[in-house]
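K.L.:
The structure follows.
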Amino acid sequence: MSDTPLLRVRELRKHFPISGGVLAREVARVHAVDGVSFDIAEGETLGLVGESGCGKSTTGRCILRLIEPSGGEILFRGQNVRQLDRTALRALRRDMQIIFQDPFASLNPRHTVGGIIGEAIDIHRLARTRAEREARIVELLETVGLRPDHMRRFPHEFSGGQRQRIGIARALAVEPRLIVCDEPVSALDVSIQAQVINLLEDLQDRFNLTYLFIAHDLSVVEHISTRVAVMYLGRVVEIAPSRGLYDNPRHPYTEALLSAVPIPDPRVKRQRIMLQGDVPNPINPPSGCHFHTRCPIAEKHCRQEAPALRESSPGHWVACHLRG
Ligand code: SF4
C-alpha cells in the first residue's frame, strides 16, 4: 500500500441490524462490510469490484459518512473522518463527492439543471454574486460536454449519458479531491459507457482528481484503474496494480470473475470458470474463508480460518491460504 495516501481505510465494518418480534429486538445482523482495508494515493483510481451485495457501495457510502460505519478507521488527508462533527463533516464533503449509478434518481426532477448544480455552489458559498454563480454553472456544463442553455432544462429532458454528465458537473462544482464513482456507467449503453469513462479520465488529468471507482464488472474498471480491489461478501480478497491483477490473478474468485470478461483478440482463448451456487447470505456468512462454499480448490482448513490479506508480490495482496 502507498506511503502517503489521500485516503486510508482500515478494518472498516458496517453491520445492519435486523429487528424482529413484538419488542423489535435485534435478531440478526447483515455483515455488509466486514473488515475492509485499502489506501488510495492522490491522483490514482482504485477500482472496487465484486458481485451485487458484496458491500462495495456500502464501503463507498461509509467513506463519505452517508451511512455511519459500525467500526474501523477512515483517514482522509490524515483526518479521522469518523470523529468529525457536523460542521467539520460539511467542510469535508467539499473534498469528497459521490456520483451515483442512477443519475435520474439522484437529480431532483423539479429543479432545473442550473438549480441542481447551483445548489452545491450555494451550500458551500462558492459564488459571491448571481452573475458569478451563473458563470460557474456554464463553465461546469461546458467542462462535462453540455451546453450553457441546458441549465434552464429539467433532468427528464436528457438522455441517461447526459444525466450522468449533470451528476458529474454537480460533483465537480465544489472542486473535490476525491470522487466516489458508485457504478456510474452500469445503467448506460455500452457505447455511452466509454464516453463517460473517457470524460472521467480527462477530468482526472485536468483537475488531479482521485477516484474510488465501484463496479460489478472487471471489464469496466480495467482501463480507468491504477489498482483494483476485489470484494467478496464484505471483505477484500485481492488488491493489486491493474495490469498485475488482469495478467496474473491470484485469488480463485478473481480468476472466476476475469474468466467472464471477453477478450477482444479472437486468437486468445480463456476458459470460463463457472462458480457453483449463489453468493451466500451476508446475515450468516460462511465460516473461515467466506468463499469456501464456492471455491474450486478449497481445503478443510479454509472452512476454519479466515485468510489474512498478504503481499504475495510487491503491491499484490491476496487473501487465500493456498495462493497468498
Ligand atoms: Fe479457496 Fe481456501 Fe483460498 Fe478461500 S482460502 S479462496 S477457500 S483456497
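Bear in mind that the values in this text are calculations on the coordinates, not laboratory data. Bear in mind that the values here come from a model prediction, so they are computed numbers and not experimental data. Reconstructed Cβ throughout: ideal geometry from the backbone, glycine too, with neighbour counts over all protein chains shown.
K.L.:
Under the definition of Cα pairs under 8 Å and six or more residues apart, what whole-number percent is the relative contact order of the chain? The partial results should precede the final answer.
P.N.:
Details: 601 pairs, mean separation 64.3, N = 324.
Reported as a whole number, the value is 20 percent.
K.L.:
Next question. Give the percent of DSSP beta bridges with both residues in the chain that are antiparallel, rounded to the nearest 5.
P.N.:
For the chain, the DSSP antiparallel bridge percentage is about 65.
K.L.:
Hydropathy first: keep DSSP H helices in the chain averaging at least -1.0 on Kyte-Doolittle, then drop any whose Cα extent along the axis falls short of 24 Å, and list what survives. Numbers along the way, then the final one.
P.N.:
Values: long enough: 190-207 (26 Å, 0.20).
In the chain, the long hydrophobic H runs are 190-207.
K.L.:
Determine the shape class of the range 190-324: with a ≥ b ≥ c the square roots of the Cα gyration tensor eigenvalues, call it rounded for a/c under 1.5, and otherwise prolate if a/b is greater than b/c, oblate otherwise. Mind dumping the intermediate values first?
P.N.:
Details: a/c = 1.92, a/b = 1.64, b/c = 1.17.
Judged from the Cα gyration tensor, the range 190-324 comes out prolate (a/c at least 1.5, a/b above b/c).
K.L.:
Report the calculated FRET efficiency for Phe154 and Asn80 (r = Cβ-Cβ distance, R0 = 25 Å), to the nearest 0.05. Could you put the intermediate results ahead of the total?
P.N.:
Working: r = 40 Å, r/R0 = 1.61.
With R0 = 25 Å, the Cβ-Cβ based efficiency is 0.05.
K.L.:
Taking a point 7 angstrom from the Cα of Ile297 along the C-beta vector, which residues in the range 247-264 have backbone N less than 16 Å away?
P.N.:
247-259
K.L.:
Ok, one more. For Cα pairs less than 8 Å apart in space and 6+ apart in sequence, what is the mean separation divided by the residue count of the range 187-324, i.e. the relative contact order in percent? List each step's numbers first, then the result.
P.N.:
Values: 155 pairs, mean separation 28.8, N = 138.
Relative contact order for the range 187-324 comes out at 21 percent.
K.L.:
Could you please rank Ile166, Ile192, placing first whichever residue has the fewest other Cβ atoms within 10 Å of its Cβ?
P.N.:
Working: Ile166 25, Ile192 16.
By the 10 Å Cβ count, ascending: Ile192, Ile166.
K.L.:
By how many nm would the segment from Glu119 to Arg29 lengthen if fully extended, with 0.36 nm per residue of separation less the alpha-carbon distance?
P.N.:
Extra length from Glu119 to Arg29 when fully extended: 28.7 nm.
K.L.:
Report the relative contact order of the range 1-102, percent, no decimals, based on alpha-carbon pairs under 8 angstrom and at least 6 residues apart. Don't skip to the end; give the middle numbers.
P.N.:
Details: 151 pairs, mean separation 31.9, N = 102.
After rounding, I find 31 percent.
K.L.:
Continuing with the same structure: Per residue of the chain, what 222 nm ellipticity follows from adding -39500 (n - 2.57) for every DSSP H run with n ≥ 4, rounded to the nearest 500? Intermediate results must be reported in sequence, preceding the final value.
P.N.:
Details: 11 runs with 101 residues, N = 324.
For the chain, the value works out to -9000 deg cm²/dmol.
K.L.:
List the residues whose amide H sits under 5 Å from the amide H of Val180, counting only those 5 or more places along or on another chain, with H placed 1.01 Å from N in the peptide plane.
P.N.:
Here the answer is Gln97, Ile98, Ile99, Leu212, since their amide H atoms fall under 5 Å of that of Val180.
K.L.:
With a Förster radius of 45 Å, plug the Cβ-Cβ distance of Phe104 and Ser287 into 1/(1 + (r/R0)^6) and report the FRET value to the nearest 0.05.
P.N.:
Values: r = 41 Å, r/R0 = 0.92.
Taking R0 as 45 Å, the efficiency between Phe104 and Ser287 is 0.65.
K.L.:
OK, next. Taking a label point 7 Å from the Cα of Ile18 along the Cα→Cβ vector, which residues of the range 274-295 have an amide N closer than 12 Å to it?
P.N.:
281-285
K.L.:
Here is a further query. Would the range 176-258 count as rounded, prolate or oblate if I go by the C-alpha gyration tensor, calling it rounded below 1.5 in a/c and otherwise prolate when a/b exceeds b/c, oblate otherwise? Mind showing how you got there, number by number?
P.N.:
On the way: a/c = 1.85, a/b = 1.55, b/c = 1.20.
Judged from the Cα gyration tensor, the range 176-258 comes out prolate (a/c at least 1.5, a/b above b/c).
K.L.:
While we're looking at this one, here's another question. Have a look at the chain and give its Rg and Dmax from the Cα atoms, expressed in angstrom.
P.N.:
So, for the chain, Rg and Dmax equal 20.8, 68 Å respectively.
K.L.:
Which value results for Rg/Rh of the range 282-323 when Rg is the Cα radius of gyration and Rh the Kirkwood radius based on the inverse mean 1/r?
P.N.:
Ratio of gyration radius to Kirkwood radius: 1.01.
K.L.:
Sticking with this structure for a sec: Gain in length, Lys269 to Arg90, computed as 0.36 nm per residue apart minus the alpha-carbon separation, to one decimal in nm? Spell out each step's value before the answer.
P.N.:
Working: separation 179, 0.36 × 179 = 64.44 nm, distance 5.03 nm.
Full extension of this stretch gives 59.4 nm more.
K.L.:
Figure the gain on full extension for Glu139 and Asp205 (residue separation times 0.36 nm, minus the Cα-Cα span) and round it to one decimal in nm. Provide the component values of the computation, followed by the final result.
P.N.:
Working: separation 66, 0.36 × 66 = 23.76 nm, distance 1.73 nm.
Between Glu139 and Asp205, full extension yields 22.0 nm more.
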